[in-house]
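These notes concern the structure reproduced below.
The values are calculated or read from the model by the stated rules, or taken from the named source; none is laboratory data. In this text the structure is predicted, and so the values were computed from the model without any measurement. Cβ coordinates were reconstructed from backbone atoms using ideal geometry, including for glycine residues, and neighbour counts include every protein chain displayed. Ligands, DNA and RNA are stripped out before the accessible areas are found, and what is left, the full protein with its side chains, is counted by its heavy atoms. Shrake-Rupley method; radii C 1.70, N 1.55, O 1.52, S 1.80 Å.
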Amino acid sequence: MSKPVMISPAVLNVPWQEKPDGIVNAPVWRYKENPIIGRNPVKNVARIFNSAVMPYEGKFIGVFRGEQTNGIPYIYLGRSEDGIHWDFDENKIPFVDEEGNSFLPHYAYDPRLVKVEDTYYIIWCQDFYGAAIGMAKTTDFKTFTRVENPFLPFNRNAVLFPRKINGSFMMLSRPSDSGHTPFGDIFVSESKDLVYWGKHRHVMGRGHEWWESLKIGGGAAPIETSEGWLMFYHGVSGTCNGFVYSIGGAILDLDNPSIVKYRCENFLLTPEEWYEERGFVPNVVFPCATIHDPESGKIAIYYGAADSYVGLAFTYFDEIVSYIKENSRVNDNDTEIGKR
Ligand code: BMA
C-alpha cells in the first residue's frame with residue numbers, strides 16, 4: 001500500500017514545535033506557550049476563541065470570534081506573520097449584501113474560513129429567528145459579501161469543504177435547538193450555486209464513546225488526503241457538572257463524504273491545561289481550523305479553549321492517520337449512505 005498523502009497546497013511556514021517526550025496517547029501535542037491569544041486582545045473585545053485561520057500571501061489571515069464587552073459575539077479580521085502572534089482589526093468585519101449595503105447580523109460566532117477555487121468563504125452561526133448559519137464571501141479581505149443563509153434554523157457548526165465534490169459545494173452542519181442543544185449529529189448538504197442547498201445526508205452520530213456521547217459537531221475544514229477527508233471535529237460529554245468538549249478525528253470518503261471510513265474511538269485532545277479547564281466556559285477544546293503542509297506532514301490545529309482563549313496544537317499527518325485507523329470504530333450508522 002502506498003503511503004497516505006495530503007492533497008493540498010504547500011505551506012512551508014506552518015507554525016510548529018516538535019513533539020515533546022511523554023506523549024503517550026494520541027499523537028497531538030500543545031504549543032508550549034499556549035494560549036496564543038489572551039484576554040482583552042483588542043479594544044472592546046474581552047475574549048477571542050473558536051476562530052479560524054488560513055495561509056494568505058505567504059503569511060496568515062483569520063476570522064476571529066471576539067466576545068465584545070457588551071457580551072455579544074462578533075467576527076473580527078486578524079493578520080499574522082507567523083500564525084502565532086496576531087494583530088486584530090478594531091472594527092467588526094463590515095459585511096455587505098449583494099448591492100453593497102451594510103448587512104450585519106445581530107451576532108456572529110464560531111466562524112470558519114475556507115477557500116474554494118479563488119474565493120474565501122466565511123461561515124458562522126448567527127441569529128435567523130434563532131441560531132442558524134450565516135455565510136459571506138471575499139476575494140480580497142476588504143469587501144465581504146453576504147450570501148444566502150444556507151439552512152433553516154436551528155443549526156450550528158457549519159464547515160465548507162475546500163473543493164467542490166462531483167461539481168457541488170459541500171457543507172457539514174449540525175442541526176440543533178435554539179439553546180445549548182443536548183443532542184446532535186453531523187450532516188452534509190450540497191449546492192451547485194451556494195443559494196439552494198439539498199441532498200442532505202447523515203454523516204455521523206454521537207458516538208458510543210462517552211467523551212462524544214451527547215453531541216458532535218464539525219470543526220476544522222476537512223483536509224483532502226489520499227485516504228479520504230481528514231476531519232477534526234468536536235465531541236461533547238454531558239457530565240453531572242456540565243458539558244465537556246473534546247477534539248475527535250475521523251476520515252470521510254472522498255467522493256461521498258456522508259460515508260465515514262475511519263472514526264477514532266478515543267479523543268485526540270481533551271481539556272487538561274489551565275486555559276482549557278478554566279475560563280468563561282470551563283472544559284472546552286473546540287477546533288475550528290488547521291494549517292497543514294503536505295511535504296513535511298505538519299498539521300497545526302487551532303482551537304478555542306474554555307470560551308476564553310485560542311490554543312495551538314500539533315500533529316504529524318502520518319502519525320494521526322495511523323492513530324485514527326488503528327483505533328477506528330465505525331458502526332452501521334456511520335457507513336450507510338445516510339438517506340432515509
Ligand atoms: C457551543 C458553542 C460554542 C462554545 C461551546 C461551549 O454551543 O456555543 O461556541 O464553545 O458551546 O460553550
Dividing the convex hull volume of the alpha carbon atoms of the range 64-111 by its residue count, what do you get in Å³ per residue?
101 Å³
Coil-residue trypsin sites (Lys or Arg not before Pro) of the range 119-190, DSSP, other Cβ within 10 Å capped at 16:
142, 163, 164
To the nearest 20 debye, what is the magnitude of the charge dipole of the chain about its Cα centre, counting +1 on the Cβ of each Lys and Arg and -1 on the Cβ of each Asp and Glu?
420 debye
Tensor-based shape of the range 81-162 (alpha-carbon gyration tensor, a/c under 1.5 rounded, otherwise prolate or oblate)
rounded
Would you look at the GNM of the chain, springs on alpha carbons closer than 10 Å, and say which of 271, 27, 182 moves the most?
182
What Kirkwood Rh does the range 149-232 have if only Cα atoms enter the pairwise 1/r average? Answer in Å.
13.5 Å
Once you keep just the Cα pairs under 8 angstrom separated by 6 or more residues, what percentage relative contact order results for the range 242-340?
29 percent
State which entries of 32/192; 32/142; 43/115; 164/298; 164/339 exceed 32 angstrom in Cα-Cα distance in the structure shown.
32/192; 32/142
Residues in the range 111-145, backbone N under 20 Å from the label point at residue 57 (7 Å along the Cα-to-beta-carbon vector): list them, ranges by number please.
113-122, 137-145
Do the sum for the chain: with -39,500 (n - 2.57) for every DSSP H run of n ≥ 4, divided by all residues, what is the mean residue ellipticity at 222 nm, to the nearest 500 deg cm²/dmol?
-1000 deg cm²/dmol
Percent carbon-and-sulfur accessible area, the chain, ignoring ligands, DNA and RNA, probe 1.4 Å:
49 percent
Using a Gaussian network model of the chain with C-alpha springs under 10 Å, which one of 187, 161, 128 is most mobile by mean-square fluctuation?
128
How much length would be gained if the chain were fully extended between residue 226 and residue 333, taking 0.36 nm per residue of separation minus their Cα-Cα distance, in nm to one decimal?
36.2 nm
Prolate/oblate/rounded call for the range 198-278, Cα gyration tensor, a/c under 1.5 rounded
prolate
Once you have a ≥ b ≥ c as the square roots of the Cα gyration tensor eigenvalues for the range 207-340, tell me rounded if a/c is under 1.5, and otherwise prolate or oblate according to whether a/b is larger than b/c.
oblate
Among 235, 297, 134, whose mean-square fluctuation peaks in a Gaussian network model of the chain (Cα, cutoff 10 Å)?
297
In Å², and per residue, what accessible area does the range 182-340 have when probed at 1.4 Å with the other protein chains present?
38 Å²
Show which aspartates and glutamates lie in cross-link reach of residue 215 when reach means a straight Cα distance below 13 angstrom and same-chain residues fewer than eight apart are skipped.
177, 185
Signed unit charges on C-beta, dipole axis of the chain, positive-most listed residue 28, 55, 246
246
Rounded to two decimals, what is the ratio between the C-alpha radius of gyration of the chain and 2.2 N^0.38 Å?
0.91
Share, in percent, of DSSP beta bridges within the range 225-340 that are antiparallel, nearest 5:
95 percent
Using alpha carbon centers only, the range 214-263 is separated from the range 136-191 by a whole-angstrom value of 15 Å
Using the reciprocal of the averaged 1/r over all distinct C-alpha pairs, how large is the Kirkwood radius of the range 271-340 in Å?
14.3 Å
Extension gain (nm, one decimal) between residue 183 and residue 21, 0.36 nm per residue minus Cα-Cα
54.6 nm
Rounded Å value of the spacing that divides the Cα centres of the range 48-127 and the range 272-340:
21 Å
Dipole in debye (nearest 20) - the range 132-180, about Cα centre, beta carbon charges: Lys, Arg +1; Asp, Glu -1:
160 debye
Determine the percent antiparallel among the DSSP beta bridges restricted to the chain, to the nearest 5.
95 percent
What nm value, rounded to one decimal, do you get for the distance between residue 192 and residue 81 when each label is placed 7 Å out toward the C-beta?
4.8 nm
